[in-house]
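Notes for the one structure printed next.
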Amino acid sequence: MRRILVIGGAGYVGTVLTEHLLEQGYIVRCFDNFLYKNNHCISSFLRNKKYQFTYGDMCSPSDMSKVFDEVSDVVLLAGLVGDPITRKYPKQSRLINELGIENVIDIANGKGTKRFIFVSTCSNYGMLSSNEIADEEFSLNPLSDYARAKVKCEKYLMSLFGTTDFKCTILRFATAFGLSPRMRFDLTISEFTKELVIGNELTVFDANTWRPYCHVRDFARLIQIVLEAKETSVANQIFNAGGDDNNYTKKMIVDEISHYIPKAKIKFLERGSDPRNYKVNFGKVRKVLNFKPKYSVTDGIKELLIALESKVFQGIIEEKNMYGNYEIDYKNDF
Ligand SMILES: NC(=O)c1ccc[n+]([C@@H]2O[C@H](COP(=O)([O-])OP(=O)(O)OC[C@H]3O[C@@H](n4cnc5c(N)ncnc54)[C@H](O)[C@@H]3O)[C@@H](O)[C@H]2O)c1
């Protein structure tokens, strides 16, 4: 029976991954410090005998060294996630996204775990010209502290390839969408849909910039595939995680949403603060791991519309921080 340590398991991706792994019969040990007071997001798991929770900070050597007991594999999701929040908290971003991740890697090495999955981001590609599509060999051009830290951690892991007891796989995730026990309305598809359902005028900057998207449940399935794949297919490998059909411009996303909300008010402006523009090639993950997303962007918008229109997210305006990565109160002196 494999016991998967999910670091950052109380987050947007982590709670959906937990649900999926528990359904598939795995034991899940979640490690998290509830950076957004997101403790309520794990409450539904606590009755499951195959679920274990450890509260702690991944930057703390003593917190980290306690959680590896009987762990077979590690999925590292925790971090200060997103460009805006890392721009707002640069010091905390360095502590968590660089020193914290390195701390986890160093402590995990030597604990006898099999697989170590590090979740990185396609944001690492930064800005491409219109005829370019980034595969895993494409040069990296991180444009934010968030992506620069991911690139740094990828390089650190690559420098250790072949020297660690665990076999490492790096997954560069597309931008996520879809429902999760811990919602994030600071992500493009969810943010646009929410604003238009509420009836606000949506300002869209640089509508023709491209980015790839992927449903959180597809990410969960991909992580299971990596855990179960032949070692030779995944050890010391980097995969773009997503699907070619889910490369979208912002304009394409708002067009899809407007199809369901004909009275949507949208203002288009150029030269916003986020210059990212990248189309990504997902051929490697399809060919090597036979992974193709099941959910389209349209599927994601439809499920979100149903939830929003049913008023599932009460307090979405008054208690904004519950529903996204907007503010933290984080100190550490490790
Ligand atoms: N969501 C996306 O669109 C997206 C896209 C690309 C990559 N990713 C990557 O996927 C991973 C998960 O993202 P998410 O959307 O679930 O983010 P999230 O912010 O919802 O979840 C992160 C979790 O990590 C926890 N955490 C933060 N700092 C911690 C610390 N020091 N110690 C212990 N726990 C800590 C938080 O409490 C939270 O539960 C991240 O590594 C992110 O970079 C996400």
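The values are calculated or read from the model by the stated rules, or taken from the named source; none is laboratory data. Treat the numbers as computed from the prediction; the structure is a model and nothing was measured. Using ideal geometry, Cβ is built from the backbone for each residue, glycine included, and neighbour counts are taken over all protein chains shown.
The residues of the range 289-334 that are more than 16 Å from SER180 (Cβ to Cβ), of a type in the set (A, V, I, L, M) and part of a loop (DSSP other than H, G, I, E, B), listed by number, are ILE317, ILE328. Within the range 1-30, residues that are within 20 Å of LEU80 (Cα to Cα) and touching a residue at least 40 places away in the same chain (Cβ under 8 Å) reach partners that are outside any strand (DSSP E or B) and more than 15 Å from the ligand (Cβ to nearest atom) with beta carbons closer than 7 Å, at six or more positions or on different chains, in the pairs LEU5/VAL71. The residues of the range 43-96 that are over 17 Å from ASP329 (Cα atoms), of a type in the set (A, V, I, L, M, F, W, C) and in contact with a strand residue (DSSP E or B) (Cβ under 6 Å, 6 or more places away or on another chain), listed by number, are PHE45, PHE53, VAL67, VAL71, VAL74, VAL75, LEU76, LEU77. Scanning the range 21-39 for residues that are away from the ligand (no atom under 14 Å from the Cβ) and of a type in the set (Phe, Trp, Tyr) yields one hit, TYR26.
Just so you know, in the range 112-132 the residues that are away from the ligand (no atom under 14 Å from the Cβ) and crowded, with 17+ Cβ neighbours inside 10 Å include one that is nearest to ILE238 (Cα to Cα), and it is ARG115. Against the list (1) surrounded by 19 or more Cβ atoms within 10 Å (Cβ to Cβ); (2) within 11 Å of the ligand (Cβ to nearest atom), the condition LEU99 fails is (1).
Scanning the range 47-79 for residues that are of a type in the set (A, V, I, L, M, F, W, C) and not in a loop (DSSP other than H, G, I, E, B) returns PHE53, MET64, VAL74, VAL75, LEU76. Restricting the range 266-284 to residues that are in a loop (DSSP other than H, G, I, E, B) and at pLDDT 95 or above, which is surrounded by the most Cβ atoms within 10 Å (Cβ to Cβ)? Across the range 266-284, the extreme among qualifying residues is PHE282.
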